[in-house]
Amino acid sequence: MGTVARDSTEIFPKDSSENGVLADPNKLDAGALFVLKSEGSWLHCGYHLTTAIVAPALLSLPFAFTLLGWSGGVLCITAAALVTFYSYSLLSIVLEHYAQLGKRHLRFRDMAHDILGPGWGRYFVGPLQLGICYGAVIACTLLGGQSLKYIYLVSRPNGSMELYQFIIMFGGLTLIMAQMPSFHSLRHINLVSLFLCLTYCACTTAGAIYIGYSRNAPSRDYTITGVGVDRAFGVFIAISIIATTYGNGIIPEIQATIAPPVTGKMFKGLLVCYSVVITTFFSVAISGYWAFGNQSQGSILSNFMANGKPLLPKGFLVITYLSTLIQVSAVTLVYLQPTNVVIERQFADPNKGELGLRNVVPRLIFRSLSVIIATTLAAMLPFFGDIMALFGAFGCIPLDFILPMIFYNVTFKPSKRSFIFWGNSLIAAVSTVLATVGAVASVRQIILDAKTYRLFANM
């Protein structure tokens, strides 16, 4: 159960129809009460953060390098690591500040409501975050189905099963796991997820190096793909992909799982997370692009198969795909949490027990519907990667690169002569330009690829 800094026992929303900030004990917010209960440690926070950021989407980083080249690629992933760590630290500082004032924010929309005004929380930040997180659930379901298909093709290269069938299988697994009652209840799953992401990233790096040095190594060309306008737009698409890879969008919800007092705990969690981020992101991006050059595909794992034949030992590939599959199931559960908050808030009764029949039945029904819809969309739209690039530009950049800077400047009002004010303003301004151009570039790419789109395609 969420808590304020002064009490550490109960958390109450100021207005259950508008905000989750605490004040009135007569109006309990079931979403905050059940899903975002505050019982975790800073280490649990580190597990949640790692699962939210270090996801199989990072396997697309070598592809981003094909649009940026060596220098541009290394520069962008380094800059994104520095900016996001700084950004998430600022969000944590703002959250701690309000907790000390007795108004602990549990959701992104709560922050926007209190700092920028009710309209920002209700009409912009809330819907944007929910759309991004649910889009991530759809994308993870697609990735899970692809991982299952990879395992199938390793054992049966000429198998007849299609992608949508594997997506449905993965959706069935998510359907069961989605009934975990709270974000805090995922802590052990996310600890396993941390080790799994290290496993598949180590396997991916080792596999790329092995193929790169083998006698059947593919010819490598590091020329940036595209010419003229295509190359220019490609740069912004790559930046959107990198932003999506580093994106989180649920920092307040993760910090909400920490037991009070919260001071300093989120920063420790970020240190745990970014030690894994640096290890995995750079190793996969550099080794994958080194091995395959501008032939790197949307997921570097696709490069490990050539003409239906594995370039690595089958057992090694199965371990890689299986660890990816299991970890992406944990990522799916993490990004379901904002949806679960909305579901619990609308259909749960905070005056009844969390595991009582009155709350278990609606939870089972509506969470299942949420997963079924996401699975159906993933099976119908296997080209969802193009759409996620648009989401990255339109959603991840505002939530992770722009709003934290604004929240900090508005909350603490640093001097306009100070470095931190102008640094935050510069990051927000540059990110706004990148988001705008990236969104245009992503829409353009969707239009160009539209002729290859087909519902339930076996990609």
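The values are calculated or read from the model by the stated rules, or taken from the named source; none is laboratory data. Worth saying up front: this structure is predicted, and the values here are computed from it rather than measured. All Cβ positions, even for glycine, are placed from backbone atoms using ideal geometry, and neighbour counts span all protein chains on display.
Within the range 347-360, being in a helix (DSSP H, G or I) and either touching a residue at least 12 places away in the same chain (Cβ under 8 Å) or of a type in the set (Val, Ile, Thr) (or both) holds for PHE347, ASN359, VAL360. Looking only at the range 258-284, filter to residues that are in a loop (DSSP other than H, G, I, E, B) and small (Gly, Ala, Ser); which one of those is surrounded by the most Cβ atoms within 10 Å (Cβ to Cβ)? So the residue we want is ALA259. Each residue in the range 116-125 was checked for being modelled with pLDDT of 90 or more and either within 18 Å of THR320 (Cβ to Cβ) or crowded, with 20+ Cβ neighbours inside 10 Å (or both), and 1 of them qualify. In the range 376-400, the residues that are under 25 Å from LEU49 (Cα atoms) and β-branched (Val, Ile, Thr) form Cβ pairs under 6 Å with partners that are at pLDDT 75 or above and assigned to a helix (DSSP H, G or I), at six or more places apart or across chains, as follows: ILE397/ALA243; ILE397/SER431; ILE397/ALA435.
Of the residues in the range 148-157, at least one is basic (Lys, Arg) and over 22 Å from the mean Cα position of the chain (by Cα). Here THR432 clears all of (1) crowded, with 19+ Cβ neighbours inside 10 Å; (2) assigned to a helix (DSSP H, G or I); (3) over 19 Å from the mean Cα position of the chain (by Cα) except the condition numbered (1).
The numbered conditions (1) in contact (Cβ under 8 Å) with a residue 40 or more places away in the chain; (2) of a type outside the set (Val, Ile, Thr); (3) outside any helix (DSSP H, G or I) are all true for ARG215 except (1). Per this entry, THR50 is counted among residues that are modelled with pLDDT of 90 or more and buried (at least 24 other Cβ atoms within 10 Å of the Cβ). Can you tell me which residue among LEU106, LEU91 is assigned to a helix (DSSP H, G or I) and within 16 Å of GLN129 (Cβ to Cβ)? Among LEU106, LEU91, only LEU91 is assigned to a helix (DSSP H, G or I) and within 16 Å of GLN129 (Cβ to Cβ). Taken over the range 37-64, the criterion of being part of a helix (DSSP H, G or I) and either among the basic types (Lys, Arg) or touching a Lys or Arg at 6+ places or on another chain (Cβ under 9 Å) (or both) is satisfied by TRP42, LEU43, HIS44, CYS45, GLY46, TYR47, HIS48.
When GLY308 is tested against (1) surrounded by 18 or more Cβ atoms within 10 Å (Cβ to Cβ); (2) touching a Pro at 6+ places or on another chain (Cβ under 7 Å), just one condition goes unmet, and that condition is (1).
Put simply, of LEU399, LEU357, LEU390, LEU381 the only residue that is at negative phi, surrounded by fewer than 18 Cβ atoms within 10 Å (Cβ to Cβ) and either at pLDDT below 90 or not acidic (Asp, Glu) (or both) is LEU357.
Every test in (1) at pLDDT 90 or above; (2) within 25 Å of ALA243 (Cβ to Cβ) is passed by GLY135 save one, and that test is (1). Residues that are part of a helix (DSSP H, G or I), of a type in the set (Gly, Ala, Ser) and modelled with pLDDT under 90 are absent from the range 164-182 altogether.
Condition first: surrounded by 24 or more Cβ atoms within 10 Å (Cβ to Cβ) and closer than 20 Å to GLY72 by Cβ. Now tell me which residues in the range 285-305 satisfy that. Matches in the range 285-305: ALA285, GLY288, TYR289, ALA291, PHE292, SER296, ILE300. The single condition among (1) more than 25 Å from THR141 (Cα to Cα); (2) modelled with pLDDT of 90 or more; (3) not hydroxyl-bearing (Ser, Thr, Tyr) that ALA55 does not meet is (1).
Scan the range 114-123 residue by residue and report those that are more than 16 Å from VAL342 (Cα to Cα), in contact (Cβ under 8 Å) with a residue 60 or more places away in the chain and assigned to a helix (DSSP H, G or I). Scanning the range 114-123 gives ASP114, ILE115, PRO118. If I go through the range 94-115 residue by residue, how many of them are farther than 18 Å from PHE394 by Cβ, crowded, with 17+ Cβ neighbours inside 10 Å and among the hydrophobic types (A, V, I, L, M, F, W, C)? Qualifying residue count for the region: 6.
Every test in (1) more than 17 Å from the chain's Cα centre (by Cα); (2) in a helix (DSSP H, G or I); (3) under 16 Å from ARG107 (Cβ atoms) is passed by TYR335 save one, and that test is (1).
Scan the range 286-311 residue by residue and report those that are among the aliphatic types (A, V, I, L, M) and either in a strand (DSSP E or B) or within 24 Å of VAL192 (Cβ to Cβ) (or both). Within the range 286-311, ILE300, LEU301, MET305, ALA306 qualify.
Screening the candidates VAL334, VAL284, VAL318 for the property of being of a type in the set (A, V, I, L, M) and over 30 Å from GLU253 (Cα atoms) yields one hit, VAL318. Among the residues of the range 296-313, is any touching a Lys or Arg at 6+ places or on another chain (Cβ under 8 Å), at pLDDT 90 or above and not polar (S, T, N, Q)? No, the range 296-313 contains no residue that is touching a Lys or Arg at 6+ places or on another chain (Cβ under 8 Å), at pLDDT 90 or above and not polar (S, T, N, Q). Filtering the range 291-303 to residues that are touching a helix residue (DSSP H, G or I) at 6+ places or on another chain (Cβ under 6 Å) and more than 17 Å from GLY145 (Cα to Cα) leaves ALA291, PHE292, ASN294, SER296, GLN297, ASN303. Annotation note: Cβ proximity below 8 Å between a residue of the range 133-152 that is in contact (Cβ under 8 Å) with a residue 40 or more places away in the chain and a residue that is outside any helix (DSSP H, G or I) and among the polar types (S, T, N, Q) (sequence gap 6+ or interchain) occurs for LEU143/SER299; GLN146/SER299.
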